Amino acid sequence: MSATPPIPLPPPLSPRHWATWAGIAAMAALARLPWPLQRALGRTLGTLLHATLRERRAIAARNLALCFPERDAAARDALLRAHFAAIGTGVFEFARAWWGSVAPLRRGLVVEGLPHLKAARVRGRGVIVVSGHFTTLEVCGRLMCDHAPLAGMYRPHGQPAMEWAVRRGRARYAAAMFPKQDVRGALRHLKRGGLLWYAPDQDPSRGDSVYVPFFGQPAHSLTSTHQLARLSGAAVVFFQHLRRDDGGYTLRILPADDGFGARDPVVDTAAVMAAIEAMAREAPAQYLWIHRRFKRQPDGSSAYRDARVPD
């Protein structure tokens with residue numbers, strides 16, 4: 001297969017990358033702090049990010065207003081602050097997933113629905129494991145790899161040192177990593193019976209896409225889950241992951257309809273977004289609201305132009 005190699009290429013060490021390496025070294029050091037301290041620091045970092053990332057705060061606030069119109073302004077503001085606290089915690093979870101030990105996070109871990117994954121793999125069939133962009137994405141992906149050999153698709157980083165760090169970190173636990181452009185490699189992996197972890201819920205800059213509902217709003221969405229299932233014959237399941245109030249994590253595999261890939265791409269894409277919406281409603285603070293999910297609308301407008309948020 002043409003996935004990125006399990007052991008990344010030699011890291012770029014020229015002086016122009018030293019500033020990035022300093023940041024990576026700091027994250028690697030923070031990854032080794034005691035987990036209770038990391039959680040406390042994460043909440044503090046979230047407060048700082050809420051205060052300083054004005055543009056991202058405005059994007060998230062606009063998304064929450066669109067998606068939760070039934071909540072009053074005070075309730076949405078509380079959710080916004082909880083979201084940034086989740087982002088802050090997620091930073092330390094990312095660091096621990098790549099450079100630290102997840103042994104403390106395995107304590108209290110709840111894993112549900114693995115029989116659905118086993119059933120989907122019947123007769124060596126590949127499986128597309130669909131999730132969304134949640135703040136728990138990286139650490140819960142590593143935790144799920146204890147139970148299933150997940151490969152993933154990812155967007156290559158433009159900074160070479162950071163790209164090396166991403167690949168090196170994920171090589172610790174992922175079965176393979178496919179750049180998003182390597183559709184052929186991902187298809188070969190699925191046709192050989194592999195598991196492909198995929199999060200298709202962000203507004204795409206390119207690729208076959210349609211508008212389907214997401215929280216009652218038209219959302220510009222990739223049809224890639226449909227296309228991958230159609231071309232590979234793979235089954236589809238959904239992967240929900242969340243951080244519980246008691247500090248533990250829940251990983252949950254949910255079944256999907258058997259018809260993925262054999263019906264209209266709009267129907268399949270709407271089913272994907274409905275499943276991710278249901279996950280987000282269960283843990284709304286943990287979904288990645290700082291992304292411009294509704295920047296493209298069917299009439300050519302943007303949902304953010306009236307919210308003092310640059311497009």
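Read-outs throughout are calculated quantities, based only on the coordinates presented, and are distinct from any laboratory measurement. Since the structure is predicted, the reported quantities are computational estimates derived from the model, not experimental observations. Don't worry about glycine lacking a Cβ; one is built from the backbone with ideal geometry, like all the others, and counts go over all protein chains shown.
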For the chain, what is the mean residue ellipticity at 222 nm derived from helices alone (per DSSP H run of n ≥ 4: -39500 (n - 2.57); sum divided by total residues; nearest 500 deg cm²/dmol)? -14000 deg cm²/dmol
Signed unit charges on C-beta, dipole axis of the chain, positive-most listed residue 151, 63, 262: 151
Which net charge results when you count Lys and Arg as +1 and Asp and Glu as -1 among the other residues whose beta-carbon is under 9 Å from that of residue 214? -1
Quick one, can you get me the convex hull of the C-alpha atoms of the stretch 1-159 expressed as volume per residue in Å³? 180 Å³
How far is it, in nm, from the label point at residue 291 to the one at residue 267 when both lie 7 Å from their Cα along the line to the Cβ? 2.6 nm
Once label points are set 7 Å from the Cα along Cα→Cβ at both residue 19 and residue 47, what is their separation, rounded to one decimal in nm? 2.9 nm
Going 7 Å from the Cα of residue 106 in the Cα-to-Cβ direction, what parts of the stretch 226-255 have a backbone nitrogen less than 17 Å from that spot? 248-251
At a Förster distance of 22 Å, what's the computed FRET efficiency of residue 118 paired with residue 28, Cβ-Cβ distance as r, to 0.05? 0.05
Would you mind putting 54-65, 222-233 in packing order, based on average other-beta-carbon counts within 10 Å, highest first? 222-233, 54-65
If I stretch the segment between residue 77 and residue 278 completely, what's the gain in nm (0.36 nm per residue apart, minus their alpha carbon distance), one decimal? 70.2 nm
Using alpha carbon coordinates only, what is the Rg to Rh ratio of the stretch 42-98, with Rh defined as the Kirkwood radius? 1.04
Given 175-183, 135-143, the highest-first ranking by average Cβ count within 10 Å works out to 135-143, 175-183
For the chain, give the share of DSSP beta bridges that are antiparallel, in percent and rounded to the nearest 5; count only bridges with both residues there. 45 percent
Longest to shortest principal axis, alpha-carbon extents of the stretch 108-233, angstrom: 38, 36, 34
So for the stretch 154-311, using the alpha carbon gyration tensor with a ≥ b ≥ c as root eigenvalues (a/c under 1.5 gives rounded; past that, a/b versus b/c decides prolate or oblate), I'd call it rounded
Round to the nearest 0.05 the FRET efficiency obtained for residue 183 and residue 205 when R0 = 22 Å and r is the Cβ-Cβ distance. 0.90
For the chain, the Cα gyration tensor yields equivalent-ellipsoid semi-axes (√(5λ), largest first, whole Å) of 27, 26, 20
